[in-house]
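Participant: Just dropping this structure here.
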Amino acid sequence: MGESFFSRLKQGLAKTKANLISNLEDIFSSNKIDEDFYTELEDALIMADVGIETTTYLLDRLRKVVKEKNISDPTQLKEILIQEIASIFNAVGSFAIDFNAKNVVYLIVGVNGVGKTTTIAKMAARFKEHGRQVLLVAGDTFRAAATEQLLAWGERLGIHVIHHQEGADPAAVVFDGMAAGKARKADVLLIDTAGRLHTKVNLMEELKKVKRIVENNLDGRELRVMMVLDATTGQNAVSQAKVFHEALGVQGLVVTKLDGTAKGGVLIAIANQLRIPIGLIGVGERAEDLQDFDPEMFTKALFE
Ligand SMILES: Nc1nc2c(ncn2[C@@H]2O[C@H](COP(=O)(O)OP(=O)(O)OP(=O)(O)O)[C@@H](O)[C@H]2O)c(=O)[nH]1
Ligand SMILES: [Mg+2]
């Protein structure tokens, strides 16, 4: 951990960082804080996927501090921006995954292709490392290869997968999964679900039903609904999470594909606009490419 974690995070975020920060460096090295400065900063933040709402919020904060503290040096303002971003994350709090936990059920949701199944495999690998007995539940009966994909991960990781045939009722698989978890005394259940657009009302209803099945069969276990968001989808991720949260109550987020060309700014928008904590970030496709989200380190990594 420590230094190596930080350098891996920085490595993972290298492209993301280049997108967010290259412009900012230029802007903060300008020699005065005037309207042009603010306009350029606003453009850069919006380009970095911070989104209009959160960019406006940040600029209002900066203008206020500039006035209050009578700041004229743009480099000083950069530090203040970093602090403001950090305090957005702090206000939301954290969602720590306890990889030593027992009696916990994770329901993993999100739109198509964001990285749900991969995240489940990554989480399963970490729980296993901590000596937990894990069970996977193939609740995605919709997509043809979905169960096979989870079975392949299960085989690779040496973890059992509860599954039905393609086209089966996802609620039925989940019911079986809950029973099997209890019978086998699994510490952790990770339930995969089919990707669905947040705008598809009937599919969101189906997911509510799946959640009800889980709730009705908890038998003392704790349910945590986690939503996976693909960082490369930018502001759309914010709209997705809003709808899923309203339908299901999302306790924590996983933001994937931060190793790609994603602009890290979307995490700031997510924290500021949704107030749902980010628990984990995905920085690659391998089982080990899942990191705990540390807002302080993330902000530092973005600006260093
Ligand atoms: N670069 C990168 N790729 C990722 C990451 N997480 C997932 N992927 C890739 O994204 C693609 C989709 O991942 P899945 O896990 O199948 O996504 P899903 O949400 O289960 O997709 P559906 O079940 O079809 O809705 C795969 O090619 C993964 O390898 C990540 O953090 N970084
Ligand atoms: Mg999947």
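The values are calculated or read from the model by the stated rules, or taken from the named source; none is laboratory data. Here the structure is a predicted model, which is why all the values come from computation and not from measurement. No Cβ is skipped: glycine too gets one built from the backbone with ideal geometry, and neighbour counts run over all protein chains shown.
Participant: Being charged (D, E, K, R) and closer than 26 Å to ARG286 by Cα is the filter; apply it to segment 236-276 and report the residue that is farthest from ligand 2 (Cβ to nearest atom).
Facilitator: The initial filter retains those residues of segment 236-276 that are charged (D, E, K, R), namely 242, 246, 257, 259, 263, 275.
Next, from what is left, pick out any that are closer than 26 Å to ARG286 by Cα: 257, 259, 263.
On the way: LYS257: 14, ASP259: 19, LYS263: 24 Å.
Ranking the qualifying residues of segment 236-276, first place goes to LYS263.
Participant: Going by the conditions given, is THR39 closer than 21 Å to LYS300 by Cβ and either assigned to a helix (DSSP H, G or I) or at pLDDT 95 or above (or both)? If you could, list the steps in order and put the result at the bottom.
Facilitator: Numbers: closer than 21 Å to LYS300 by Cβ: no; either assigned to a helix (DSSP H, G or I) or at pLDDT 95 or above (or both): yes.
Here the answer is no, as THR39 does not meet what is asked.
Participant: Please go through segment 171-196 and pick out each residue that is assigned to a loop (DSSP other than H, G, I, E, B) and either aromatic (Phe, Trp, Tyr) or within 16 Å of ligand 2 (Cβ to nearest atom) (or both).
Facilitator: Step one: of segment 171-196, the residues assigned to a loop (DSSP other than H, G, I, E, B) are 184-187, 194-196.
Result: ALA194, GLY195, ARG196.
Participant: Search segment 194-222 for residues that are acidic (Asp, Glu) and pair each with any residue that is not in a strand (DSSP E or B) when their beta-carbon atoms are under 6 Å apart and the residues are at least 6 apart or on different chains.
Facilitator: Qualifying pairs under 6 Å: ASP219/LYS182.
Participant: Which one of VAL109, VAL105 is more than 16 Å from ligand 2 (Cβ to nearest atom), touching a strand residue (DSSP E or B) at 6+ places or on another chain (Cβ under 6 Å) and at pLDDT 95 or above?
Facilitator: Details: VAL109 fails: more than 16 Å from ligand 2 (Cβ to nearest atom).
Unique residue meeting the criteria: VAL105.
Participant: Which of the residues that make up segment 78-136 are part of a helix (DSSP H, G or I) and within 16 Å of ligand 1 (Cβ to nearest atom)?
Facilitator: From segment 78-136, those part of a helix (DSSP H, G or I) are 78-92, 116-129; that's our starting set.
LYS116, THR117, THR118, THR119, ILE120, ALA121, LYS122, MET123, ALA124, ALA125, ARG126, listed by residue number.
Participant: Which one is farthest from ligand 2 (Cβ to nearest atom), of the residues in segment 137-163 that are assigned to a strand (DSSP E or B) and touching a residue at least 40 places away in the same chain (Cβ under 8 Å)? Don't jump to the end; show me each part of the working.
Facilitator: Restricting attention to segment 137-163, the residues satisfying the condition of being assigned to a strand (DSSP E or B) are 137-139, 160-162.
Next, only the ones that are touching a residue at least 40 places away in the same chain (Cβ under 8 Å) stay: 137-139.
Values: VAL137: 12, ALA138: 9, GLY139: 10 Å.
Applying the filter and picking the extreme gives VAL137.
Participant: For segment 149-166, how many residues meet the condition of being within 15 Å of ligand 1 (Cβ to nearest atom) and modelled with pLDDT under 95? Steps first, please.
Facilitator: Step one: list which residues in segment 149-166 are within 15 Å of ligand 1 (Cβ to nearest atom), which gives 149-154, 156-157, 161, 163, 166.
Subset that is modelled with pLDDT under 95: 166.
Residues flagged as within 15 Å of ligand 1 (Cβ to nearest atom) and modelled with pLDDT under 95 within segment 149-166 amount to 1.
Participant: Still on this structure: Can we say GLN133 is more than 14 Å from ligand 2 (Cβ to nearest atom), surrounded by 15 or more Cβ atoms within 10 Å (Cβ to Cβ), of a type in the set (S, T, N, Q) and farther than 19 Å from MET226 by Cβ?
Facilitator: Numbers: more than 14 Å from ligand 2 (Cβ to nearest atom): yes; surrounded by 15 or more Cβ atoms within 10 Å (Cβ to Cβ): yes; of a type in the set (S, T, N, Q): yes; farther than 19 Å from MET226 by Cβ: yes.
Yes: the conditions hold for GLN133.
Participant: Return only the number of the condition from (1) in a helix (DSSP H, G or I); (2) at pLDDT below 75 that MET1 does not satisfy.
Facilitator: In the conditions (1) in a helix (DSSP H, G or I); (2) at pLDDT below 75, MET1 misses (1) alone.
Participant: Go through segment 197-219 and give me each residue that's part of a loop (DSSP other than H, G, I, E, B) and more than 24 Å from PHE99 (Cβ to Cβ). Steps first, answer last, please.
Facilitator: Here is the first cut: in segment 197-219, the ones part of a loop (DSSP other than H, G, I, E, B) are 197-200, 217-219.
Hits for segment 197-219 are LEU197, HIS198, THR199, LYS200.
Participant: Please go through segment 45-54 and pick out each residue that is in a helix (DSSP H, G or I) and either over 17 Å from ASP26 (Cβ atoms) or touching a Ser or Thr at 6+ places or on another chain (Cβ under 8 Å) (or both).
Facilitator: In the first step, residues of segment 45-54 are kept if they are in a helix (DSSP H, G or I); the result is 45-47, 52-54.
Within segment 45-54, LEU45, ILE46, ILE52, GLU53, THR54 meet the criteria.
Participant: Can I ask one more? Kindly indicate whether ALA96 is more than 18 Å from GLN251 (Cα to Cα) and in contact (Cβ under 8 Å) with a residue 40 or more places away in the chain. Please lay out each step first, then the result.
Facilitator: Values: more than 18 Å from GLN251 (Cα to Cα): no; in contact (Cβ under 8 Å) with a residue 40 or more places away in the chain: yes.
It is false that ALA96 is more than 18 Å from GLN251 (Cα to Cα) and in contact (Cβ under 8 Å) with a residue 40 or more places away in the chain.
Participant: Sticking with this structure for a sec: Got a sec? Which of ALA96, ALA101, ALA48, ALA91 is of a type in the set (A, V, I, L, M, F, W, C) and more than 27 Å from LYS242 (Cβ to Cβ)? I'd like the intermediate steps shown before the answer.
Facilitator: Working: ALA96 fails: more than 27 Å from LYS242 (Cβ to Cβ); ALA48 fails: more than 27 Å from LYS242 (Cβ to Cβ); ALA91 fails: more than 27 Å from LYS242 (Cβ to Cβ).
Checking each option against the conditions leaves just ALA101.
Participant: I need the full set of residues from segment 224-243 which are over 17 Å from THR119 (Cβ atoms) and over 12 Å from the mean Cα position of the chain (by Cα), in order please. So that I can check it myself, show each step before the final result.
Facilitator: Filtering segment 224-243 down to residues over 17 Å from THR119 (Cβ atoms) leaves 234-236, 238-239, 242-243.
Result: GLY234, GLN235, ASN236, SER239, LYS242, VAL243.
Participant: Find the residue count for segment 264-285, including only residues that are crowded, with 21+ Cβ neighbours inside 10 Å and part of a loop (DSSP other than H, G, I, E, B).
Facilitator: 3
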